[in-house]
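Chemist: Following this message is one structure expressed as structure tokens.
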Amino acid sequence: MWNNGKRYDAEFKTDAARLVKQSGRSVASVAKDLGINPQTLRNWLGDDKKRQSYDKAKIMELEAELRAEKRRNNDLEETVAILKKAATIFATSNRK
């Protein structure tokens, strides 16, 4: 059995979901204006919410990773500074 339903591109779906969120209008009202089934629009809203929560989770994960790398970088810079001082001390004590 073939599915002959209409296909909408991602931009249309995103714009329709944004229209519901930003306009304050009901899903049924927006769906009627766009000529689509209200349940279809509800599904798109759910998909958009899932995508946004995944994006937020990924951003938080990357921010935590960045903080850890910055900490590691600071530790390494401190180690290098200590080693430079130690090398200077040993170099001057060997000259005597």
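Chemist: Residue by residue, what Karplus-based ³J(HN,Hα) values in Hz, rounded to whole numbers, does region 39-55 have, using 6.51, -1.76 and 1.60 with θ = phi - 60° and x for Gly and Pro?
Modeler: Once rounded to whole Hz, the list reads 5, 4, 5, 4, 4, 5, 4, x, 4, 5, 5, 4, 5, 5, 5, 5, 4.
Chemist: Same structure, new question: So for region 10-95, if I pair up every lysine 8 or more residues apart or on another chain, how many of those pairs have alpha-carbons under 25 Å apart?
Modeler: 19
Chemist: If you wrap a convex hull around the alpha carbons of region 10-95, what volume per residue comes out, as a whole number of Å³?
Modeler: Expressed per residue, the convex hull around the Cα atoms of region 10-95 is 104 Å³.
Every number here is computed from the coordinates shown, using simple stated rules; none is lab data. Predicted model only: the values in this text are computed from it and were never measured.
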